[in-house]
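**Q** Have a look at this one.
Readers should treat all values here as calculations from the given coordinates under stated rules, not as data from a laboratory. What you see is a predicted model, and the numbers here were worked out from it, not measured in a lab. Quick reminder, even Gly has a Cβ in these numbers, built from the backbone with ideal geometry, and neighbours come from all protein chains shown.
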Amino acid sequence: QVQLQESGPGLVKPSETLSLTCTVSGGSFSGYYWTWIRQSAGKGLEWIGRIYTSGALRHYNPALESRVTMSHDSSKNQFSLNLISVTAADTGVYYCARLSHGSGYVWGQGTTVTVSS
Amino acid sequence: DIQMTQSPSSLSASVGDRVTITCRASQDISNYLVWFQQKPGKAPKSLIYAASSLQSGVPSKFSGSGSGTDFTLTISSLQPEDFATYYCQQYNYYPWTFGHGTKVEIK
């Protein structure tokens, strides 16, 4: 049973970069798209983007595209999110996930990120 | 962006009730729709993918139907552990978008 675990700082200062990592265990890492989603009280659930494990294939939410970068490290079964120039509006719970049309959705437990000085 | 409209936004029901939640997409998304459940302070839990496929490990009291723009989630017999918020989400078009949720409360 594949499991996902987010990790990273819980507090980020305004204008700095939010960096999170998701570690995948218990299943295959290659051959899937891996996704970041966030949830805030103000905006609800928001899809950030997804990255494929082969090549440079990435899809980002246009609302965040100018600030988002995703990457992966197949040797560690990890993928990462960088969000630059954060503001209080980026505060929320960040989830990593895998959604496959053939096998459904698997979510990490989520990590809370607060943007504050 | 595809707009996902869920209804109702909340409902009160009793244990044993049959509950139906609907989700409408602003354009045809085929069957690229998921339903998930979320309890306060917890991560979402997937229930249905591809509009009608039951996620592994999820009890069969949950079922999904629909295609195109109109979808439903049905809970055949509501149990105490089912009181939660339910969301739909489309994944046919970028950016993926979510409904605003349906909160199922105890009557």
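**Q** For B:Lys61 and A:Gln1, what does the FRET efficiency come to when R0 = 25 Å and r is the distance between their Cβ atoms, rounded to the nearest 0.05?
**A** Efficiency, from the Cβ-Cβ distance: 0.70.
**Q** Using the Cα atoms of chain A to build a convex hull, what is its mean projected area in square nanometres?
**A** The orientation-averaged projected area of the Cα hull of chain A comes to 7.0 nm².
**Q** On average, how many beta carbons from a partner chain sit within 10 Å of the beta carbon of a residue in A:94-106?
**A** Taking all residues of A:94-106 together, the mean is 5.
**Q** A further question on this structure: If contacts are Cα pairs under 8 angstrom and at least 6 residues apart, what is the relative contact order of chain B in percent?
**A** Normalised by residue count, the contact order of chain B is 39 percent.
**Q** If I histogram all Cα-Cα distances within the protein assembly as shown using bins 5 Å wide from 0, what percent of pairs lands in each bin?
**A** In whole percents, the pair-distance histogram is 1, 7, 15, 19, 19, 16, 12, 7, 3, 1, 0.
**Q** On a C-alpha basis, how far is the centre of the stretch A:59-115 from the centre of the stretch B:58-107 in Å? Whole number, if you could?
**A** Their Cα centres are 23 Å away from one another.
**Q** Now for a separate question. Counting only other chains, what is the mean number of Cβ atoms within 10 angstrom of the Cβ of each residue in peptide B:84-97?
**A** Per residue, the average neighbour count from other chains is 4.
**Q** Based on the alpha-carbon gyration tensor of the stretch A:1-56 and its eigenvalue square roots a ≥ b ≥ c, which shape applies: rounded if a/c is under 1.5, prolate if not and a/b is larger than b/c, or oblate?
**A** Prolate, since a/c reaches 1.5 and a/b exceeds b/c.
**Q** Using packing as a proxy for protection, rank B:56-64, B:20-28, A:94-102 so that the peptide with the highest average count of other Cβ atoms within 10 Å comes first.
**A** Per-residue Cβ counts within 10 Å, averaged per peptide and sorted highest first, yield A:94-102, B:20-28, B:56-64.
**Q** Taking the Cβ-Cβ separation of B:Lys45 and B:Gln3 as r and a Förster radius of 22 Å, what is the calculated FRET efficiency to the nearest 0.05?
**A** That pair, B:Lys45 with B:Gln3, gives E of 0.35.
**Q** So what is the diffusion coefficient of the stretch A:63-117 in µm² per second by Stokes-Einstein at 4 °C and 1.567 mPa s, using a Kirkwood Rh over Cα pairs?
**A** Calculated translational D: 98 µm²/s.
**Q** Given chain B reduced to its alpha-carbon atoms as identical point scatterers, what log10 I(q)/I(0) does the Debye formula return at q = 0.18, 0.24, 0.25 Å⁻¹?
**A** -0.80, -1.37, -1.47
**Q** Which aspartates and glutamates, on any chain, are close to B:Lys39 with Cα under 12 Å apart, when same-chain ones fewer than 8 places away are left out?
**A** B:Glu81, B:Asp82, B:Glu105
**Q** Counting only the backbone N, which residues of the stretch A:83-117 are under 13 Å from the spot 7 Å out from the Cα of A:Thr69 toward its beta-carbon?
**A** Hits in the stretch A:83-117 for A:Thr69 at 13 Å: A:83-85.
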